[in-house]
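The values are calculated or read from the model by the stated rules, or taken from the named source; none is laboratory data. Given the structure is predicted, the values throughout are model-derived calculations rather than measurements. When we count neighbours, we look across all protein chains shown, and the Cβ atoms used for this are built from the backbone with ideal geometry, even at glycine.
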Amino acid sequence: MSDQEKHEHMPEEAQAADAAAESKPAGNESDHEVLVRLMKENEELKDRALRTAADMENLRRRTARDVQDARAYSVANFARDMLGVSDNLRRAIEAVPADARAGDDAGLKALLEGVEMTERAMHSALERHGVKKLEPQGQKFDPHFHQAMFEVPDPSVPANTVVQVVQSGYSIGERVLRPAMVGVSKDGPKQAPAEAAAEPGPINEQAEKDA
């Protein structure tokens with residue numbers, strides 16, 4: 001008689017017990033142990049899913065930030081080069097003597113007006129792309145935005161105050177495109193600790209030559 005035939009001739013209670021025995025997992029695990037194992041596996045899967053979701057969210061944020069930075073700062077190198085052109089335009093304007101400006105030379109006046117219009121147009125174009133001119137005159141020295149070129153003895157203003165701008169500085173977004181080259185005061189009254197400006201540090205001789 002085959003096993004199937006023997007099973008069919010067994011009482012119903014015996015058949016049920018035999019079926020339950022066959023359905024038990026290998027390793028003689030009890031129902032409680034199986035439940036614990038499945039709950040543990042479920043927690044591990046849930047934790048893995050949460051980690052994956054967190055990683056994907058971080059990746060999405062990084063990608064969005066990179067795209068935003070690329071849009072904001074993609075013109076930084078070009079804008080920095082254009083600042084050199086703007087500097088030359090300003091030097092050309094300042095090179096014209098005051099008496100020549102007040103003279104009757106119509107050609108010179110027209111040329112000067114054209115150069116000034118070109119300078120203004122360039123600044124407007126840079127501003128449209130997020131480039132802003134720094135205005136450090138009279139402000140506390142900030143090493144993040146200013147480059148100290150020299151110190152000026154001036155007891156009438158607090159120490160480390162910008163008293164002269166040698167070359168204009170510019171920022172793009174929240175970044176410095178070019179620091180302003182400045183002269184800072186010394187020998188003046190010291191500021192309160194909470195308001196004290198950062199020390200300008202050593203004078204940058206190479207920057208002074210470049211200016």
Quick one: is Gly183 at pLDDT 90 or above, out of contact with any Leu (no Cβ under 8 Å at 6 or more places or on another chain) and small (Gly, Ala, Ser)? yes
Count - residues of region 138-157 that are free of Cβ contacts under 8 Å to residues at least 40 places away in the same chain and surrounded by fewer than 18 Cβ atoms within 10 Å (Cβ to Cβ): 9
Would you say Ala148 is out of contact with any Cys (no Cβ under 8 Å at 6 or more places or on another chain), over 28 Å from Gly173 (Cα atoms) and of a type in the set (A, V, I, L, M)? no
Can you tell me which residues in region 32-65 are of a type in the set (Ser, Thr, Tyr) and over 30 Å from Glu174 (Cβ atoms)? Thr52
List the residue pairs whose Cβ atoms are under 7 Å apart, where the first residue sits in region 161-180 and is within 13 Å of His129 (Cβ to Cβ), the second is of a type in the set (Val, Ile, Thr) and surrounded by 17 or more Cβ atoms within 10 Å (Cβ to Cβ), and the two are 6 or more positions apart or on different chains. Tyr170/Val131; Ile172/Val131; Leu177/Val131
